[in-house]
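Since the structure comes first, as C-alpha cells, the remarks are kept for the end.
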Amino acid sequence: MNKIIPLSLLTFASLYATEVQLAPINVESTVITEVAQNAQTSADTAVALSKYLPSIDMIRRSGIANDVLIRGQKRDNISVSVDGTKVYGACPNRMDPPISHVVANQISSIEVIEGPYDVENFGVLSGGLKIKTKKPTKELKGQINVGFGAWNYKKFGITGSGGNDFIRMLITASTESSDQYKDGDGHTLAEQVDNYIASHPTLATQAYQAQYHDMQAYKKKSIQAKAFISTAENQELRLSVTANRSDNVLYANTTMDALYDDSNIYSIAYNIDNISDVYKNINLEYYYSDVKHPMSTKFRQSGATNYVTSELTTNMQGLKLKNSFDLKSYKLLLGLDTSRRNWDGKYYKTNASSGVQSQLPPSGSSKSIDNTITKNSAIFAKLNKSYNSLDFSFGARYDHTKITNDTYNNNTYNAFSANLMTTYNLNTDNKIFFGFGEASRVPDARELYFNKLIAGTPPTLRLIGNPNLKQTKNRELDLGYETNNDDFTLKVKTFYSKLKDYIYTDSTAQKFVNIDATVYGLELSGSYYATDDISIDTGVSYKRGKKDNALAGQTDKDLADMAPLRATLAFNYEYANNSIASLDMQASKRWNAIDSDNGEQVIAGWAVFNAKVKHAINKKFDFTVGLNNILNKTYAQSNSYADLTLVTDNTQTMLLNEPGRYFYTNLDFKF
C-alpha cells in the first residue's frame, strides 16, 4: 500500500504564486485532495471538509448548504475563493454560505488556511478556503458518478474533458435531491420542529403546514464549463462559468426556509509563463458572481394566510493582477487586488390564496439592507527564501475599503497586514515551524446596516446592525512540529490569537458590537502504517475562546462558536489494489464552555461510528457502500449562538439533530 492517509487523503501544502511553486512552508495551510472522489454521501462541500481536518467544524443548517468554522471562526472571519474568485452568499442568516456555491464533484483540491497567513485575498482574518476546481485536459476523458442513499437521496454527476493543442474544454454537471433526513430517534426535520413546539407551545406558528410537512428537503442542480485557449507559446486565456440552482431548501430550526437559491460565477483570466529568466509569470483575472436568495415563511403555519419573504441579492466583481519573479534564490510575488460588492435586501408579504404581494412594513422603507456597496483596493507582496535547512516566507498587504449605504452613514477603513512564516528542517523526516501574522477584516453590510422585521400590528423594522463598527484585527502566533517517515506521520500545531475589536452579537443590546477576545488551541493529525495494507489515522482538536471583558449587562466571558475537544480515529485496510475498507469514529466532549448570555446552550458529548468499503472492479469502475452513524445515535454538533436567527422563545433555542443511521452507495465510471 502506498504510504498515504487513505481516509483523509491529506497532503501538506506549498505556497503558490499562480503557476510557480514556492518553497514549502506548511505552518499556515493544509491541502485536501480528491474531494470529489470522497464525497459519496453528499455533494455538500461542508460535509466533505468537516470529516478530514481537526481544525474544521461544521454548522448544521439543513440537508445541504451547511457552513464551516475554522478554529471557531466563521462568516467574514474566514475567506472563501474558488479558482481565485472571491465568493459570498446573499443570506444574512447563512442559508447560502460561500462554500455552498461550489459542489464537491467539481473540486480537485481545497487549501485550508489556518490563521492570518494569506495576503492574496481580501478579508483573511483568521483563515480561509482556497478551492480549486478541475482543469480541462487535452486527453479525452469522462466520468459518471451515481449515488443513492437513505431518505430517497439521489445524486447524478457527469464530467467530460478534452481538446487539442489550441483549446481544452471541460463541462461538469450534477443534480442532487433528498427527502428530509431522520435523526437517531427517527424524526424528520419537520418532526424535530413539532417536538420542540410540544415543550414550547407559544411557537406553534413555526410548525410546518400539513401540506408541506413531508415535502422534499431540497433539490440542487449545478453546471460548470471551462475553456483554456492557447493564444501563443506559454500564453493562455482561461474562461469559466458556474451556475447553481437550489429549490425549496428546508431549514428546520430557522424561522424561514429558502424558496430557492440561484448563483452564477464567471471568470476570465489571462496567464503568461516564462516571460524571462527572472519574470516567471503574470496572471490577470476578472471575475463576477451574483446570488439571489428569497427566504420565506411560506411552508410554516405562520404563512398559511399571508407569508413573509425576505429577499436578498448580492453581486461581486473583482480584478486581480499577480506577477511572479525568480530572483536567484528568492521567489517574489507582487499583486494588485480590487473588488466591488453590492448587497441589497427587502421584505414583502404574499397572500397565500391570491399570490398578491405587498410591502412590509406597510409604510416606510421595506429594506433589510439598503443597497450597500463595499469597494476594496489593495496591493500585496510575498517573498520566499531558503537557507540550507531553514525556509522562510514573508507576506504583506495594504487595504483601502469604502462602504456606502443609501440610509446610514458611510465608512472608510485602511489596514496593513503582514506575516512571517519559517520552517526548520531538523532532518529529512522531522521539521518544526513557526508563524506570526496580523490581519484585518472590515464589517459587512449585515453587521453595519441590517434591519430586522419585528412582528406586530403593524410590523416594524429594528436596526440590529451597528453603523459605527470598527474593523477587526487578529494578531496570531502559530507553532508546530511535523514528522513523516515510513512507519508513521504526525503533525502537531498550537496557536494563540488576540482579537481586537472582534465583531460580536450582543443579545442584551440586540445589535453587533466590537469586543476584544483571545482564542487559543491545539491540533493533532497523523497516521500509523501497521503493515503495507493496514493503517490507522487520527485527528484531535481543542480550542478555547475568552472575551477580555463580559458585555455590558452580562457576566459570561466565554466566546461563542468554540466547539469542545473533538477527535477522529480510523482503521483502514487495503484488501486489494485501490480497494479499501475503513471503520472510523468521530467523537466530541460535552460542550459546556458556552456563551449562555448570547444564546448558546450545553450540548451532550457524543461518539458516532461509520463504515465504508470502496471496491475497484477495474481501473475504470469502482463502487462504494457505506453506513454512517451505525449505532443510530441522536446528537447535535452545532450550537445556538444568537448570531443566527433560530427558532426560540428566548428561554431555550431549538437545536438541530444530525442524521441518524444512513446507508449509501456510490458508483463511479471513468472513460
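Only the coordinates and a few stated rules stand behind these numbers; no lab work does. Remember, it's a predicted structure, so these values are computed and weren't measured experimentally. Glycine gets a Cβ as well: all are built from the backbone with ideal geometry, and neighbour counts include every protein chain shown.
As I understand it, the dipole of region 46-199 uses +1 on the Cβ of Lys and Arg and -1 on the Cβ of Asp and Glu, about the Cα centre. Which of L140, P92, G157 lies farthest toward its positive end?
Of L140, P92, G157, it is L140.
With θ set to phi - 60°, apply the Karplus curve 6.51 cos²θ - 1.76 cosθ + 1.60 along region 637-646 and write out the HN-Hα couplings as whole Hz, x wherever there is a Gly or Pro.
With the stated coefficients, region 637-646 comes to 10, 10, 8, 10, 4, 5, 5, 9, 8, 10 Hz.
Just want the answer: with Cβ charges of +1 for Lys and Arg and -1 for Asp and Glu, which residue in P362, A563, S29 is farthest toward the dipole's positive end in the chain?
Selected residue: P362.
Based on the alpha-carbon set only, what is the convex hull volume of region 537-671 divided per residue, in Å³?
146
Would you calculate, for the chain, the mean residue ellipticity at 222 nm contributed by helices, counting each DSSP H stretch of 4 or more residues as -39,500 (n - 2.57) and dividing by all residues, to the nearest 500?
Helix contribution divided over all residues of the chain: -1000 deg cm²/dmol.
Using +1 at the Cβ of each Lys and Arg and -1 at the Cβ of each Asp and Glu in the chain, identify which of F663, N572, G605 lies farthest towards the dipole's positive end.
The Cα lying farthest towards the positive end belongs to F663.
Place a +1 charge on the Cβ of each Lys and Arg in region 367-497 and a -1 charge on the Cβ of each Asp and Glu, then give the dipole magnitude about the Cα centre in debye, rounded to the nearest 20.
About 640 debye.
Contour minus end-to-end for A576 and R340, with contour as 0.36 nm per residue of separation and end-to-end as the Cα-Cα distance?
Once the chain is fully extended between A576 and R340, it gains 79.8 nm.
Taking the Cα centroid of region 450-504 and of region 120-142, what is the distance between the two, rounded to the nearest whole Å?
That distance is 23 Å.
Using a cut-off of 19 Å between alpha-carbon atoms, which lysines can reach K298, once sequence neighbours fewer than 8 places away in the same chain are excluded?
Qualifying lysines at Cα under 19 Å: K219, K346, K349, K452.
So if I take the centroid of the Cα atoms in region 218-279 and the same for region 84-100, what is the distance between those two points in Å?
Taking the Cα centre of region 84-100 as reference, the centre of region 218-279 is 13 Å away.
Tell me the relative contact order for the chain as a rounded percent, counting alpha carbon contacts under 8 Å between residues six or more apart.
Answer for the chain is 12 percent.
Under a plain spin-label model, where a point goes 7 Å from the Cα along Cα-to-Cβ, how far apart in nm are Q510 and T137?
5.8
Can you tell me the length gained on complete extension of the stretch F156 to S353, counting 0.36 nm per residue apart and subtracting the Cα distance?
Working: separation 197, 0.36 × 197 = 70.92 nm, distance 3.60 nm.
Difference between extended and current length: 67.3 nm.
Could you size up the charge dipole of region 10-670 around its Cα centre, putting +1 on the beta carbon of Lys and Arg and -1 on that of Asp and Glu, and report it in debye to the nearest 20?
900
Beyond 30 Å between alpha-carbons counts as too far, so tell me which of K367/K546; K51/K328; K493/K546; K130/K367; K74/K182 fall in that bin.
As for pairs spanning more than 30 Å Cα to Cα, those are K367/K546; K51/K328; K130/K367.
In region 169-267, which GluC sites (Glu not before Pro) fall in coil by DSSP and have 13 or fewer other Cβ atoms within 10 Å?
Values: sites: E176, E191, E233, E236; in loops: E233.
Answer by residue number: E233.
Across all directions of projection, what mean area in square nanometres is found for the Cα convex hull of region 10-670?
The orientation-averaged projected area of the Cα hull of region 10-670 comes to 28.0 nm².
Using mean Cβ contacts within 10 Å as the protection proxy, how do 651-660, 79-88 order, highest first? All intermediate terms of the calculation are to be shown ahead of the outcome.
On the way: 651-660: 19.4, 79-88: 23.6.
Going by the mean number of other Cβ atoms within 10 Å, highest first, we get 79-88, 651-660.
For the modelled label position 7 Å from the Cα of D533 along Cα-to-Cβ, which residues of region 586-630 have backbone nitrogen atoms closer than 19 Å?
Once the point is set 7 Å along Cα→Cβ of D533, 612-618 turn out to lie under 19 Å by backbone N, inside region 586-630.
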